[in-house]
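*Asks:* The structure's right below; bear with me while I get my questions together.
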Amino acid sequence: MVIAAFGLLDLLGAAVLLMPGMNYHGLSILDALFTSTSAVCVTGLTVTDTASSFTRHGQYVIMGLIQIGGLGVMTISTLLFLTIGQPVKISHKIFLKEAFLSKHTPTLGSLMGTIVLYTFVAETAVGLTLTFFFLKFFPPEEALFQGLFHAVSAFCNAGFSTFHNGLYPFKENAFIMFAIMAAIMMGNTGFAIAYEIGEKMFKGSRKPWSLHFKLTMYTHIVLLVAGTLCFFFLERNNVLSGMNLSTKWLTSLFHSVSVRTAGFNTVDIAALNDDTLYIMLLLMAVGACPGSTGGGLKTSTLAALWVTAVSRLKGHRKATVNRRSIPDSTIQRILVLFTLYVSAILLSHLLMMISGRNHSFLQSSNRFLATLFESVSALGTVGLTLDLTPKLNTTGKIVIICTMFVGRVGLLSLVSALTQGVAKQKPYHYASEDIMVG
């Protein structure tokens, strides 16, 4: 159901973008599909310039696709059913609660209300803030559109921009940068975290923070701080040279926030050091928090893998942290997800390498790193590129379209849908036999 819904929206978006009045200079079917997929999957990779290739109507369509893709087709359809008083399928209820919350919520209506209110408040607040600062550069109507578009794009971690040079001209404007970062963080931190904070702030809940909250936020903050420090010290004599100290730290913080699925940039990514790109690859692969608008392997997955390894080294039979044990069934799903995620990156990268010209290593001009960066960016729905996306051939575009789609729908959802009714849990198991490891 999820795959079909996203696929249908993808095709519908491409068809609308091909209509007269939506684009300038004509748009190929493949490029329309690429743009629609990137918007629905909140990735931000583009083969054409959004500012110059699409009319204002086309840009509104892209913003709508980003919004629907960010919240999820299932969320939007369930909200419509609730609004008109129609019953919602049990499978939809289970999917939504598992997708957005780490623990039980009283009703589906409560969950939908939280998501809609959180999204509306966040996007409106950031949109109006950006509009206020954009008034210094644009007429009121243009400032309002740019403010709302970038608020939606940032909250949904899409990375689309309707400026020719993206956010580069505003890199020294701390107010605009912090507004964009705030939207990104509110989107990629996750609705489960927002729900717990809301319960404590507005309902006076005295329940202790859940293990999910602690693991997710700890990993979230550590990655944010580590990314900022690495970017600053690795690039201080490269792309950051010539900037004053405050702008250097602002730029470093912005890219640490953005690299984990948002995809905005204020420096030329292709001009970064290899060391920095390697760090960015790791951060893109981890991605956002679960139950959020962002993609990637997810912070809780990384935390659980680390906890499992440390617990084993300490002699625990189960993954143990904060005097709590993570269920074996959860660890098994995490291991499956990690295996599939790494396999998807390797497959996408292999196909990207094959789709291009075959050169020797000395003549490849870092093509290996560029295609790997592109694959990780697409699967993690990040949207950063080493200037490779606009140069993709037909095969390369199809590979990235599929990679973005799989990254947004989710590998576990994809496998679950493909094996539903076939791979039912067996009521037996075979005799055990050990193997050598390491």
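*Asks:* Which pairs, out of Lys207/Lys248; Lys200/Lys314; Lys298/Lys397; Lys214/Lys314; Lys318/Lys426, put more than 30 Å between their alpha-carbon atoms?
*Replies:* Among Lys207/Lys248; Lys200/Lys314; Lys298/Lys397; Lys214/Lys314; Lys318/Lys426, the Cα-Cα distance tops 30 Å for Lys207/Lys248; Lys200/Lys314.
*Asks:* Next question. Let's see if you can work this out: charge +1 on each Lys and Arg Cβ, -1 on each Asp and Glu Cβ, no other charges. What is the dipole magnitude of the chain about its Cα centre, in debye to the nearest 20?
*Replies:* I would put it at about 1540 debye.
*Asks:* Under the classification rounded if a/c is under 1.5, otherwise prolate if a/b is larger than b/c and oblate if not, where does segment 127-286 fall, given a ≥ b ≥ c as square roots of the Cα gyration tensor eigenvalues?
*Replies:* oblate
*Asks:* Multiply the residue separation of Ala174 and Asn273 by 0.36 nm, subtract the distance between their alpha-carbon atoms, and state the gained length in nm to one decimal. Show your work: numbers first, answer last.
*Replies:* Working: separation 99, 0.36 × 99 = 35.64 nm, distance 2.46 nm.
Contour length minus the Cα-Cα distance gives 33.2 nm.
*Asks:* Using helices alone, I'd like the mean residue ellipticity at 222 nm for the chain: each DSSP H run of four-plus residues gives -39500 (n - 2.57), total over residue count, nearest 500.
*Replies:* -20500 deg cm²/dmol
*Asks:* Which helices, counted as full DSSP H runs in the chain, have an axial Cα extent of no less than 27 Å and a Kyte-Doolittle average of -0.5 or above?
*Replies:* Values: long enough: 108-134 (38 Å, 1.57); 211-235 (35 Å, 1.42); 328-355 (40 Å, 1.46).
Helices meeting the criterion: 108-134, 211-235, 328-355.
*Asks:* Now a separate question. Loop by DSSP (not H, G, I, E, B), at most 16 other beta-carbon atoms within 10 Å: where is the longest site-free stretch of the chain for trypsin sites (Lys or Arg not before Pro)?
*Replies:* Counting only loop sites that pass the neighbour cut-off, the longest clear stretch is 1-88.
*Asks:* Between Leu229 and Glu433, what's the calculated FRET efficiency when r is the beta-carbon distance and R0 is 45 Å? Round to 0.05.
*Replies:* The calculated FRET efficiency here is 0.45.
*Asks:* According to a simple spin-label model (label point 7 Å from Cα along Cα-to-Cβ), what is the distance in nm between Ser360 and Phe163?
*Replies:* It is 4.4 nm.
*Asks:* Could I ask something else about it? Toward the positive end of the charge dipole of the chain, about the Cα centre and with charges on Cβ (Lys, Arg +1; Asp, Glu -1), which of Leu386, Phe361, Ile197 goes farthest?
*Replies:* Of Leu386, Phe361, Ile197, it is Ile197.
*Asks:* Expressed in nm to one decimal, what extension gain is obtained for the pair Glu142 and Tyr60 from 0.36 nm per residue of sequence separation less their Cα-Cα distance?
*Replies:* Once the chain is fully extended between Glu142 and Tyr60, it gains 28.2 nm.
*Asks:* Would you list, by chain and number, the aspartates and glutamates whose Cα falls below 14 Å from the Cα of Lys171, excluding same-chain residues fewer than 8 positions away?
*Replies:* Asp268
Each value in this text was obtained by applying a stated rule to the coordinates, not by laboratory testing. Given the structure is predicted, the values throughout are model-derived calculations rather than measurements. Cβ: placed from backbone, ideal geometry, glycine included. Neighbour counts: every protein chain shown.
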